[in-house]
1. When the accessible area of the chain is computed with all protein chains present and a 1.4 Å probe, what percentage of it is carbon and sulfur?
2. Where a Cα-Cα gap under 12 Å defines reach, which aspartates and glutamates qualify for residue 187, not counting those fewer than 8 residues away within the same chain?
3. To the nearest 10 degrees, how steeply does helix 193-202 sit against the main Cα axis of the chain, on a 0 to 90 scale?
4. Using a Förster distance of 25 angstrom, determine the FRET efficiency expected from the C-beta separation of residue 187 and residue 108, and round it to 0.05.
5. In nanometres, what is the gap between the two model label sites at residue 60 and residue 148, each 7 Å from Cα along Cα-to-Cβ?
6. Accessible area, 1.4 Å probe, largest first: how do 55, 10, 23 sort?
7. Please calculate the 1.4 Å probe accessible area of residue 11, with all protein chains present, and give it to the nearest 10 Å².
8. With a 10 Å cut-off between alpha carbons and a GNM built on the chain, which of 80, 172, 21 moves the most?
Amino acid sequence: MIARVLLVDDHPVVRTGLRAVIDAHEGITVVGEAATGEEAIALASHLQPDVVLCDLRLGEGLDGVATTAALRAAAFAPAVLILTTFDRDAEILSAMEAGAAGYLLKEVPPETIIEAIRTAANGGMYLPGELATRVVRGIRKPVPRLTERELDVLKLLATGASNQEIARSLFVTEATIKSHLTHIFRKLEVDSRSRAVHIAQETGLISSH
């Protein structure tokens, strides 16, 4: 059986590189390429690939997680492998919860990508050892759920803003910010502003960039 693959990445050079890797191996063929999640869903319906190799960040529109969920919910549901540079726990768990058959970092050797495609095409799950451990750990200890306002506070906290500056930016009182920080510290199980920011970035609650 030849595994049919759809490539989804918003960078043409990445798609070209992946196509070259796949074309060098027998038993796997690229049947199409998409630059957005929306395009991927439309093409998958038409091409009916066995595996969709999808980036996590796809510019504007649907991201890799939303694309995965939509593909897996379709009448013809291909296996979806996430191939990305992002390796935060929250992103890995979100992809797996959406139905991904695996999660790979773009730094892996070409042979690993090929092995993952073959595994997914045969109905299996592919997670390198370290990522598998992190997924299990994440299931046992889920990423804390913060409110939108608490995330807003954390993002400003990460810039080094003071309570007064955060309050001014969010048009609330300093007392309200202190209350939010108390809840944030409790949920993240930390006792300092710097630790809260570190944990939030490490788990993917806020960007580290």
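1. So the carbon and sulfur contribution to the accessible surface is 53 percent.
2. Partners within reach: 150.
3. The two axes meet at around 10 degrees.
4. 0.15
5. Computed distance between label sites residue 60 and residue 148 equals 2.1 nm.
6. Sorted descending by solvent-accessible area, the residues read 23, 10, 55.
7. Surface open to solvent at residue 11 totals about 100 Å².
8. Ranking 80, 172, 21 by mean-square fluctuation puts 172 first.
The values are calculated or read from the model by the stated rules, or taken from the named source; none is laboratory data. These figures come from a predicted structure and were not determined experimentally. Reconstructed Cβ throughout: ideal geometry from the backbone, glycine too, with neighbour counts over all protein chains shown. Ligands, DNA and RNA are excluded from the accessible area calculation, which covers all protein heavy atoms including side chains. Shrake-Rupley method; radii C 1.70, N 1.55, O 1.52, S 1.80 Å.
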